[in-house]
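Have a look at the structure below, then the notes.
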Amino acid sequence: MWDYDTYAPIASWFESTWVGEQMRNIFWMFPMMETFHFIGLTILFGSLLVIDVRVLGFGRFINMRAAMHFIPVAIGAFCINLLSGLAFLCADPFRYFPNVAFQWKMGLILIAGINALWFWFGEHEELKQLADGEDADFRAKVIAGLSLALWVCIIVLGRFMPYVEY
Amino acid sequence: MGFLVWLEEGALGVFIRESLWGYPIVLSSHAVGMATVMGVVVALNFRVLGYAKDISALAFDKLFLVGWAGFIINLISGLILFCNTPTTYFFQGSFQLKIAFIVMGGILMKVVMNSVRGDTSEGITKLLSAACIACWFGGVITGRLMAYV
């Protein structure tokens, strides 16, 4: 389904963008974007840790309502990574599109996004009512556990991308 | 130098250079550990700098345990990665800077927590906190540079 003929037109478009050109022509652009991508990932994962560790119960003494302040931080960090990630993609799309680790990574990010929407629309309001030290319900814990597990896998898959090329 | 050669020729060095999946697996652990330890450090310093003020900075104590777990993952995975080519890394400027940044960042984190608990003025505490974040980000930047310099 996702064979060369399918992705080639999309990949060519990405490759021809101005961003792609800059990424290939200026030698420090790629390492700089990588650094942004890494810093973004630590901010994103850290924000999720505060929220998810609280929901899971290990950080029960963090005020739940206050922990939610880290949601906009997580979204901001995700945007840093979305933009720097797009820059990598524009630099060399024909390398990324057929890469199995890249495909899985994108799939898991989508699932993590759905999981985050489930958290926001299904649990967020209820969780905000939790008193300090009070346990979250089981469903919320499943979402928090999934969130951490998915993001760990996403980080690992990102690191595996250069090693599954053939 | 003799010690570095011994490390490079030792079992860990051979393993990380020659095993097919060893290197990417250890490298991924290093990235996950980084996200964990730095995630906690960044979140805590955001709080100290004045963001999400309604979280008690002291409630973060438990989160530090998570951060330490990340740090230990990275200490172990970092040592294994170092065995890849210790004779090169040891003399590499970006590696030396990276270690210096992490040591400084670690000490500053402790200093920041002490001033949160003590009666240090808010201005000084925030300054220390900003320096702490800068050191850890410096660690990421120099770590990335290691692959290019």
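Just so you know, all these numbers are worked out from the coordinates, no wet-lab data involved. Owing to the predicted nature of the structure, the values given are computational and were not obtained by experimental measurement. Reconstructed Cβ throughout: ideal geometry from the backbone, glycine too, with neighbour counts over all protein chains shown.
Given labels modelled 7 Å from the Cα in the Cβ direction, how far is it in nm from A:Glu165 to A:Leu117?
About 3.3 nm separates the two model spin labels.
So what is the relative contact order of chain B, in percent, for Cα pairs below 8 Å that sit 6 or more residues apart?
This gives 30 percent for chain B.
Could you list the trypsin sites (Lys or Arg not before Pro) in region B:42-89 that lie in coil according to DSSP, counting only those with at most 12 other Cβ atoms within 10 Å of their Cβ?
B:Lys53
Would you please name the trypsin sites (Lys or Arg not before Pro) within region B:106-149 that are DSSP coil residues with at most 14 other C-beta atoms within 10 Å of their C-beta?
Answer by residue number: there is no such site.
Applying the Karplus parametrisation 6.51 cos²θ - 1.76 cosθ + 1.60 with θ = phi - 60° to the phi angles of region A:74-89, what ³J(HN,Hα) value in whole Hz is obtained for each residue in order, glycine and proline being reported as x?
Taking θ as phi minus 60°, the curve returns 4, 5, x, 5, 4, 5, 4, 6, 5, 5, 5, x, 4, 5, 4, 4 Hz for region A:74-89.
Take the cross-link list B:Lys53/B:Lys126; A:Lys128/B:Lys110; A:Lys128/B:Lys53 and give me the ones stretching past 19 Å between alpha-carbons.
Cα-Cα > 19 Å for A:Lys128/B:Lys110; rest within.
Provide A:Asp132, B:Asp54, A:Asp52, A:Asp92 in ascending order of the number of other Cβ atoms located within 10 Å of each residue's Cβ, fewest first.
B:Asp54, A:Asp132, A:Asp92, A:Asp52
Could you tell me which of rounded, prolate or oblate describes the protein assembly as shown, using a ≥ b ≥ c as the square roots of the eigenvalues of the alpha-carbon gyration tensor, with rounded for a/c under 1.5 and, failing that, prolate when a/b is larger than b/c and oblate otherwise?
It comes out oblate by the Cα gyration axes.
How would A:Asp137, A:Asp3 line up from fewest to most surrounding beta-carbon atoms within 10 angstrom?
Lowest count first: A:Asp3, A:Asp137.
For A:Lys141, list the aspartates and glutamates whose Cα falls under 14 Å from its own Cα; do not include residues on the same chain fewer than 8 positions away.
A:Asp52, A:Glu123, A:Glu126
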